[in-house]
Amino acid sequence: MSNEYAWMVPLLVLLPLIGAGLTLAAAGRTAVQRVVSVTALSGMTVLAGVLLWASDTQGPQVMFVGGWAAHEGIVLIVDRLAALMVIVSTVVTLAVLAYSIGQGASSFDEESDGHSPLPVFHPTLLVLAAGVTTTFISGDLFHLYVGFEMLLAASFVLLTLGGTAERVRAGTTYVLVSLLSSLIFLAAIGLTYGATGTINLALLSERLGEISPGTSALLQLMLLVAFAVKAAVFPMSGWLPDSYPTAPAPVTAVFAGLLTKVGIYAMIRTQTLLFPDSPFTDLLLVAALLTMIVGILGALAQDDIKRMLSFTLVSHIGFLLFGIALGSTHGLAAAIFYVVHHITVQTTLFLVLGLVERVGGSADSTRLGDLARISPVVGILFFIPAMNLAGIPPFSGFLGKVGLVQAGVAEETWLAMLLVVGSVLTSLLTLYAVAKVWGRAFWSENAKGITGQGPMRGGHHEALGLGVLAPTMGLVIVGLALTVVAGPLFDITTRAAVDLVLREPYLNAVLGVRTGAGL
């Protein structure tokens, strides 16, 4: 097992943090901020690609920060799962950055010059990228907590950009809920250290088996609750539909794509590495089913497209939790594949919704109409990812759901079969929800929009430039490409799942080498 690319691992966090400092220093110099931000995220994408190749061909790449051993210091590790998460999160963040540059500041601050996002947007987005990446590559619970707090601080700033009362109220709700989950997480970390004498994930995987089953179950439950809040798992999902729709389109897009997936990643990592014989499998399956059904029923009740998509986001977290709860190689492989698909498609849909608001002046489907004629490009850009989200073949959403259904059927338990039925029903209802939006907003001649009562009075709408169309088109193409490369991608996710189930590759990478290149 080679560790020659380990020096690249900390750069995944250092690049965006250095970029954040430079863009903050360059506040007011829009061109400089743009160059630094794009360069930092592009560099992260290249590094993530190299580390994905290295982890897939040579094994996990481990950096022992400062040269300290695993039980003494911080360990950063990139295996197949972490590399996949970093590369897809960085790609969508880069697309969101390009979109924000293309649209200007109008949706961030009504008093801005209209030519660029607010000066604080660039450094905050880069801090968010650093926080997300930190959670993916952390090798201990406290460093994972640090990553969560980094993205929490950045998220609050992004949610409240523009300072409107609605955004501040939504941001306050988000922060209060996130702080509550963080307190639970921090308490779990303290109890874990007290019970085992370590918070290193690799060492914990060995020591948790030595403590009493009751203590282990308590620690697992506390971690699950903390991560479930961040992942918006029902019944701890009520905060999401009230928080996301108030933010500007680029912010909502990056939130929808990434923030809940950080919680999902933490659940995958801790469940497989620390609690392979979980006593809460049935509980997770029930939570997955309720998240699917309650989320999609909430989506069906919405007229506002932002809220509808926010509820579908909650609903499809249930699919990811389904694969985690199964804990099998096939279930985890399908869940990882679906994470990649969902990050891409959900981000794309919220960017497209930004285009809809620019063309139609509203995100309320009852106030829109005939958008497919007014702007055929926006119609196409919405239709493709919407069908992908609904799981229409041959899109990647269909392939990921088929993988989860097959893994559920293979379990041959009544609860797993119930989840299979729930998955199919949720997919059909998702199709109905997006079809309803298509019929109202894009296809029908909405009376409100035609008679002058709606935002499209007289047929006037904001022109779309290449600056916002290009990154949106790019993500639509990436979503389609996931279908084209589904075979090789499923191979990678399967190998990642095998490593997760076996645990030895991760443990050997961290505990088999006691020293490494210093930072």
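The values are calculated or read from the model by the stated rules, or taken from the named source; none is laboratory data. For clarity, every value in this text was computed on a predicted model and none was experimentally measured. Using ideal geometry, Cβ is built from the backbone for each residue, glycine included, and neighbour counts are taken over all protein chains shown. Side chains are part of the model used for accessible areas, which takes the heavy atoms of the whole protein and leaves out ligands, DNA and RNA. Shrake-Rupley method; radii C 1.70, N 1.55, O 1.52, S 1.80 Å.
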Among the residues of region 86-96, write down those that are within 19 Å of Ala266 (Cβ to Cβ) and either open to solvent by 10 Å² or more (accessible area, probe 1.4 Å) or acidic (Asp, Glu) (or both). Ile87, Val88
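Restricting to region 406-427, what's the tally of residues that are within 23 Å of the chain's Cα centre (by Cα) and within 18 Å of Ile296 (Cα to Cα)? First the steps, then the outcome.
Initially, region 406-427 is screened for residues within 23 Å of the chain's Cα centre (by Cα), giving 407, 419, 422-424, 426-427.
From the residues that got through so far, the ones that are within 18 Å of Ile296 (Cα to Cα) too are 419, 422-424, 426-427.
The qualifying residues number 6.
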Counting only residues that are in a loop (DSSP other than H, G, I, E, B) and modelled with pLDDT under 90, which one in region 463-502 is farthest from Ala6 (Cα to Cα)? Ala463
Any idea which of Leu128, Leu144, Leu186, Leu152 is at pLDDT 85 or above and over 25 Å from Val92 (Cα atoms)? Leu186
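Output the residues belonging to region 238-248 that are open to solvent by 10 Å² or more (accessible area, probe 1.4 Å) and either touching a Gly at 6+ places or on another chain (Cβ under 9 Å) or part of a helix (DSSP H, G or I) (or both).
Trp239, Asp242, Pro245, Thr246
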Flag if Phe185 is closer than 24 Å to Val78 by Cβ, touching a helix residue (DSSP H, G or I) at 6+ places or on another chain (Cβ under 8 Å), among the aromatic types (Phe, Trp, Tyr) and open to solvent by 10 Å² or more (accessible area, probe 1.4 Å): no
Would you be able to tell me the number of residues in region 18-49 that are surrounded by fewer than 19 Cβ atoms within 10 Å (Cβ to Cβ), touching a residue at least 40 places away in the same chain (Cβ under 8 Å) and not β-branched (Val, Ile, Thr)? 5
Residue in region 274-284 that is outside any helix (DSSP H, G or I), modelled with pLDDT of 90 or more and of a type in the set (A, V, I, L, M) present: yes
Could you grab the pairs with beta carbons closer than 7 Å, sequence gap of 6+ or different chains, first residue in region 312-340 and part of a helix (DSSP H, G or I), second one among the basic types (Lys, Arg) and open to solvent by less than 10 Å² (accessible area, probe 1.4 Å)? Val339/Lys261
